[in-house]
Amino acid sequence: MTTQQPTTETTMTSKLSLEPKNVLYIAITLLGMGCAYLLYRNWALKNEFTHERNTIRITAQNNQLLANQQQLMFGMKTFVWAVRNAMLQNKPGEINEYFNTLVQNKGVQEMLLVDPAGRVTLSTNKKNQGIVFASRFPGYLLQQEDVYFNNKAVYELSAPVTAPNKRLGTLVLFYKPTPVLPAPAANE
């Protein structure tokens with residue numbers, strides 16, 4: 001009589017789930033996947049933050065430009081009226097006082113009064129008085145029929161000074177704006 005012992009078949013699931021070595025591999029794999037996800041998420045959030053920061057920077061600069069343009073053009077219009085009045089009364093000393101007061105403001109680099117022939121009559125930089133405007137400055141500033149604004153690194157403004165029948169001259173202003181935000185760093 002032979003006794004037959006029942007044979008037990010080992011299944012794959014019981015072998016994998018019970019061995020400590022396999023549990024360790026599964027844990028390492030899960031940790032690796034978790035770290036990879038966190039690194040990807042960090043990268044994605046950094047990119048999103050950089051994009052949003054650049055968008056806000058551009059929006060702030062555009063808003064600053066628009067506000068500067070509106071205020072400077074309005075100021076130039078009213079300044080032209082004062083200069084026109086002084087010119088009609090033949091008071092160049094008064095215009096010179098206006099210029100000297102204006103140039104004390106932060107950002108104002110130079111203010112010029114150019115006669116209809118294109119010569120600089122008055123300037124806050126006395127070296128420029130008497131020169132032909134187009135020899136040192138852009139000539140298109142004298143050809144404008146209304147208040148003109150150009151948003152270069154140093155803003156250029158010009159406005160005609162007119163009497164009822166003729167053009168008395170042109171006011172030209174060079175203004176360097178104060179930046180709202182610092183320039184972006186090269187490594188950003």
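The values are calculated or read from the model by the stated rules, or taken from the named source; none is laboratory data. Values in this document were obtained by computation on a predicted structure and should not be read as measured data. Here Cβ is always computed from backbone atoms with ideal geometry, including for glycine, and neighbour counts include all displayed protein chains. Areas reflect the complete protein model, heavy atoms only, side chains present, ligands, DNA and RNA absent. Shrake-Rupley method; radii C 1.70, N 1.55, O 1.52, S 1.80 Å.
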request  = Looking for whichever is under 15 Å from Phe174 (Cβ atoms) and out of contact with any helix residue (DSSP H, G or I) (no Cβ under 6 Å at 6 or more places or on another chain) here; the options are Asn68, Asn85, Asn100, Asn96. Which one fits?
outcome  = Asn68
task = Taking Gln61 as meeting all but one of (1) farther than 30 Å from Tyr155 by Cα; (2) at pLDDT below 90; (3) surrounded by 10 or more Cβ atoms within 10 Å (Cβ to Cβ), write down the number of the exception.
result = (1)
ask   = Of the residues that sit in the stretch 167-188 and are at pLDDT 90 or above and open to solvent by 60 Å² or more (accessible area, probe 1.4 Å), which one is farthest from Val80 (Cα to Cα)?
value = Lys176
ask   = Limited to the stretch 70-87, what total is found for residues that are open to solvent by 50 Å² or more (accessible area, probe 1.4 Å) and more than 32 Å from the chain's Cα centre (by Cα)?
value = 3
ask   = Within the stretch 102-112, can one find any residue that is buried (at least 18 other Cβ atoms within 10 Å of the Cβ) and either assigned to a helix (DSSP H, G or I) or of a type in the set (Ser, Thr, Tyr) (or both)?
value = no
request  = Evaluate the stretch 96-113: report whether one residue or more is in contact (Cβ under 8 Å) with a residue 40 or more places away in the chain and among the β-branched types (Val, Ile, Thr).
outcome  = yes
key: Inter-residue pairs, beta-carbon under 9 Å, first touching a residue at least 12 places away in the same chain (Cβ under 8 Å) and within 13 Å of Asp146 (Cα to Cα) and in the stretch 70-93, second part of a helix (DSSP H, G or I) and among the hydroxyl-bearing types (Ser, Thr, Tyr), 6+ apart   = none
ask   = If you check Glu97 against the conditions, is it among the charged types (D, E, K, R), part of a helix (DSSP H, G or I) and open to solvent by 20 Å² or more (accessible area, probe 1.4 Å)?
value = yes
remark   = Selection over the stretch 133-166 where residues are acidic (Asp, Glu) and surrounded by 14 or more Cβ atoms within 10 Å (Cβ to Cβ) yields a count of 1
inquiry  = Name the residue that is nearest to Phe99 (Cα to Cα), counting only residues in the stretch 119-132 that are part of a helix (DSSP H, G or I) and either touching a Pro at 6+ places or on another chain (Cβ under 7 Å) or open to solvent by 60 Å² or more (accessible area, probe 1.4 Å) (or both).
reply    = Lys126
